[in-house]
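Before any comments, here is the structure.
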Amino acid sequence: MTRKPSRIDALDWPRIEADLATRGCAVTGQLFTPEECAALTAMYDEAHRFRSRVVMQRHGFGQGEYQYFANPLPPRLAACRSALYERLAPLANAWATAMGQPADYPPDHAAYLARCHAAGQLRPTPLLLRYDEGDYNCLHQDLYGDLQFPLQLTVLLSKPGEDFTGGEFVLTEQRPRMQSRAEVAPLAQGEAVIFAVNQRPVAGTRGSYRVTMRHGVSRVRSGRRHTLGIIFHDAR
């Protein structure tokens with residue numbers, strides 16, 4: 001995998017930030033090449049790379065499975081995670097200010113991870129997910145402890161329409177005293193969707209208010225779907 005930080009710099013960040021403000025999610029454009037997607041997908045069967053495996057139906061999470069990477073993360077994945085954090089930290093601080101929370105996310109990901117580890121959140125959270133025909137992921141939030149970075153990513157590693165059908169990435173947004181709103185983020189192979197982990201600010205007539213977000217995956221109708229999840233806080 002040869003993704004370089006400059007590819008992250010080349011993303012349309014003004015458009016991404018505008019989409020996050022409007023919908024709570026934003027599609028990045030291509031973040032990984034097909035070759036990089038294939039290399040990540042192949043890691044799923046390399047047990048030594050992972051600290052745990054979760055079969056979703058055993059826990060009522062849906063149907064399918066995923067594995068959390070162990071430390072040390074694959075070097076390119078670790079570099080990508082850190083570079084994306086540095087891009088998103090200013091937005092995270094702006095969201096915190098708008099929601100009346102401490103705007104104290106450090107600019108460097110290593111410093112933020114040190115804060116997580118001091119709080120007892122020691123386990124890495126990047127993960128690979130595998131869905132076969134009929135599998136799905138229930139709406140949920142990836143919180144993992146008291147410290148939560150407010151944004152995360154999902155990268156589609158498989159090719160829609162060729163490797164699988166169905167399996168759309170879905171978000172719901174619950175605004176105060178309103179019915180939930182759903183958003184579907186169509187992805188091409190190698191694209192990521194950035195989205196709110198838990199809550200995000202929405203501008204109202206009397207200032208900003210908080211809305212709660214959840215995400216999931218609709219039923220895979222055929223084939224096999226792999227994704228990479230990049231979460232910036234570590235787990236307890």
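The values are calculated or read from the model by the stated rules, or taken from the named source; none is laboratory data. Treat the numbers as computed from the prediction; the structure is a model and nothing was measured. Cβ placement follows ideal geometry from the backbone for every residue including glycine, while neighbour counts extend to all protein chains displayed. Protein only, heavy atoms only, side chains kept; ligands, DNA and RNA dropped before computing areas. Shrake-Rupley method; radii C 1.70, N 1.55, O 1.52, S 1.80 Å.
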Of all residues in the stretch 73-125, how many are assigned to a loop (DSSP other than H, G, I, E, B), within 21 Å of residue 25 (Cα to Cα) and in contact (Cβ under 8 Å) with a residue 24 or more places away in the chain? 3
Of all residues in the stretch 12-49, which are touching a strand residue (DSSP E or B) at 6+ places or on another chain (Cβ under 9 Å), in contact (Cβ under 8 Å) with a residue 40 or more places away in the chain and not in a helix (DSSP H, G or I)? 24, 25, 26, 27, 28, 29, 30, 31, 32, 44
Exclusive hit being farther than 15 Å from residue 127 by Cα and either in contact with a strand residue (DSSP E or B) (Cβ under 7 Å, 6 or more places away or on another chain) or open to solvent by less than 20 Å² (accessible area, probe 1.4 Å) (or both), set 67, 57, 101: 57
With the requirement that a residue be assigned to a strand (DSSP E or B), modelled with pLDDT of 95 or more and not basic (Lys, Arg), what does the stretch 188-210 give you? 191, 192, 193, 194, 195, 196, 199, 201
Cβ contacts < 8 Å: first residue farther than 20 Å from residue 60 by Cα, restricted to the stretch 195-222; second residue open to solvent by 30 Å² or more (accessible area, probe 1.4 Å) and basic (Lys, Arg), any location; separation 6+ or different chain. Result? 199/210; 200/210; 201/210; 202/175; 202/210; 209/175; 211/175
Filter the stretch 170-187 for residues that are assigned to a loop (DSSP other than H, G, I, E, B), touching a strand residue (DSSP E or B) at 6+ places or on another chain (Cβ under 7 Å) and open to solvent by 40 Å² or more (accessible area, probe 1.4 Å) and give the result. 175, 176, 180
So the check is Cβ under 8 Å with 6+ separation or different chains; which pairs have a first residue in the stretch 136-153 that's within 18 Å of residue 217 (Cβ to Cβ) and a second one that's among the basic types (Lys, Arg) and at pLDDT 95 or above? 136/219; 139/214; 140/214; 141/214
